[in-house]
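Here is the structure we will look at, set down as structure tokens.
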């Protein structure tokens, strides 16, 4: 399967031409549309790739939700800010204590 940014862009162009709308979760709660996609991204690693994806979506008039973790690969404030400036929602992809417990052992 082709997971390039070019293919990603092509997929979303096709969805738009097929009549799908994209809403953030907040938009959906306020005024849900019929044929809608809520686009959620979990940013676990490679935060820069998320910025590329966010720019592609922005160019197509699509807004998504980007959930960032507190880990160093994901927690990049400058990238988070740039994605938010493109109009995307930002959320915290939280770590449960049992997942991260090895980091907190005494």
Problem set entry | Read-out semi-axes √(5λ) of the Cα gyration tensor in Å, derived from the coordinates shown; its label in (i) 41, 16, 12; (ii) 47, 16, 14; (iii) 28, 16, 13 | (iii)
Exercise. When the chain is fully extended, how far beyond the present Cα-Cα distance does residue 7 get from residue 44, taking 0.36 nm per residue of separation?
Worked result: 11.2 nm
Problem set entry | Calculated [θ] (222 nm, deg cm²/dmol) that DSSP helices of n ≥ 4 give over the chain, each run adding -39,500 (n - 2.57) | -12000 deg cm²/dmol
For this session: For residue 59 paired with residue 35, estimate the spin-label separation in nm (one decimal), with each label point 7 Å from Cα along the Cα-to-Cβ line.
Result: 2.5 nm
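Every number in this text was worked out from the coordinates using simple rules, so none of it is lab data. Remember, predicted model here, so these are calculated numbers, not experimental data. Heads up, the Cβs are rebuilt from the backbone with ideal geometry, glycines too, and the neighbour counts pull from every protein chain shown.
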